[in-house]
Amino acid sequence: MLDSQTKVNNKSLRIAVLVSGSGSNLQVLINAMQAGALPIEIVGVISNREDAYAITRANDASIPVAVLSHVASGKRMGIKTFETHASAQLSAWQPDLIVLAGFMRVLSGAFIENAPAPMINLHPALLPAYKGLDTHQRAIQTGERNHGCSIHVVTAELDAGAVLTQALLEVNQKDTADSLQARVQQGEHQLLPWTILLIAKGIIDLNNPHNNAESSYLPALPLKLWINN
Ligand code: GAR
């Protein structure tokens, strides 16, 4: 549960970030934290890949990192073992919020339900369209005029929790999956800090995402951001 005192006292929101890859979204959060632009403290990063560049980014910012590699000494770490270690680590860090930013393992319902804080995920499509992988390629093949990214609450069902925010852009005739991915990522780099700010300020209530009644003068979720790039 998001501690109401955290919001009232304007205390920093303690964030744990789960990553698997480059960590460009993690970097945006690190930059915002270091600039004092977001009321957050990144208390730790968990990577399920030992070659993720996100680890270097966290190390450079002196943020604690736990590498729970899905392959160690040629052996695959099963999801149960991963979750046991990740649970212990998260409990030790005591986050207010867990952010999946390019985290590519599917987590079990039990892990999600017992997590020490609400969990959000950044997904590279306009949910509920294009759950899963290869979202940009599929959007182009379908001839979508608009595409983008979403931030949603993590639930046991993959990419299916309440959608909190979305960044939208127009698909260009010339777009390839790569160019679209690059443009969507620019949107992600605005959407993620914006969403976390709305959560930190209590404008988005993760305990009751379908009812942002506290701020009933606001539009219903998902809140949308148009990207012109
Ligand atoms: C992001 O584009 C994110 O949307 C995607 O991974 C990328 C990670 O980039 N996430 C998923 O596909 C989750 N299903 P980053 O490591 O540079 O932040």
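The values are calculated or read from the model by the stated rules, or taken from the named source; none is laboratory data. Quick caveat, the model's predicted, so the values are computed rather than measured. Reconstructed Cβ throughout: ideal geometry from the backbone, glycine too, with neighbour counts over all protein chains shown. The area values use the complete protein model at the heavy-atom level, side chains included, leaving out ligands, DNA and RNA. Shrake-Rupley method; radii C 1.70, N 1.55, O 1.52, S 1.80 Å.
If the condition is being open to solvent by less than 60 Å² (accessible area, probe 1.4 Å), in a helix (DSSP H, G or I) and either within 20 Å of ALA220 (Cα to Cα) or among the basic types (Lys, Arg) (or both), then segment 163-196 contributes ARG183, LEU191, LEU192, PRO193, THR195, ILE196.
Listed here are the residues, each with its yes/no results for (1) more than 15 Å from PHE103 (Cβ to Cβ); (2) in contact with a strand residue (DSSP E or B) (Cβ under 8 Å, 6 or more places away or on another chain).
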residue	(1), (2)
LYS11	yes, no
GLY44	no, yes
ALA58	no, yes
GLY78	yes, no
PHE82	no, no
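In the set (1) near the ligand (Cβ under 10 Å from one of its atoms); (2) free of Cβ contacts under 8 Å to residues at least 60 places away in the same chain, the condition left unmet by LEU192 is number (2). Within segment 120-148, the set of residues being out of contact with any Ser or Thr (no Cβ under 9 Å at 6 or more places or on another chain) and near the ligand (Cβ under 10 Å from one of its atoms) comprises LYS131, GLY132, LEU133, ASP134, THR135. A single entry from VAL184, VAL163, VAL171 fulfils the requirement of being farther than 21 Å from ILE42 by Cα, within 12 Å of the ligand (Cβ to nearest atom) and of a type outside the set (Gly, Ala, Ser): VAL184. Of everything listed in (1) more than 16 Å from the ligand (Cβ to nearest atom); (2) open to solvent by 20 Å² or more (accessible area, probe 1.4 Å); (3) touching a strand residue (DSSP E or B) at 6+ places or on another chain (Cβ under 7 Å); (4) in a loop (DSSP other than H, G, I, E, B), the single unmet condition for ALA117 is (2). Selection within segment 193-229: residues that are aromatic (Phe, Trp, Tyr) and at pLDDT 80 or above. The member of this set that is nearest to the chain's Cα centre (by Cα) is TRP194. A count restricted to segment 103-114 and to residues that are more than 11 Å from the ligand (Cβ to nearest atom) and either touching a Phe, Trp or Tyr at 6+ places or on another chain (Cβ under 8 Å) or without any contact (Cβ under 8 Å) to a residue 40 or more places away in the chain (or both) stands at 3.
Conditions (1) of a type in the set (D, E, K, R); (2) over 25 Å from LYS11 (Cβ atoms), marked per residue:
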| position | (1), (2) |
| --- | --- |
| SER87 | no, no |
| ALA92 | no, no |
| ASP96 | yes, no |
| HIS123 | no, yes |
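Give, as residue ranges, the helices (runs of 4 or more DSSP H) completely inside segment 20-102 that count at least 1 residues that are open to solvent by 60 Å² or more (accessible area, probe 1.4 Å) and within 15 Å of the ligand (Cβ to nearest atom). The helices (runs of 4 or more DSSP H) meeting that bar are 24-34, 53-60. Taken together, ALA160, ALA110 contain a single residue that is outside any helix (DSSP H, G or I), more than 25 Å from ASN229 (Cα to Cα) and open to solvent by 20 Å² or more (accessible area, probe 1.4 Å), which is ALA160.
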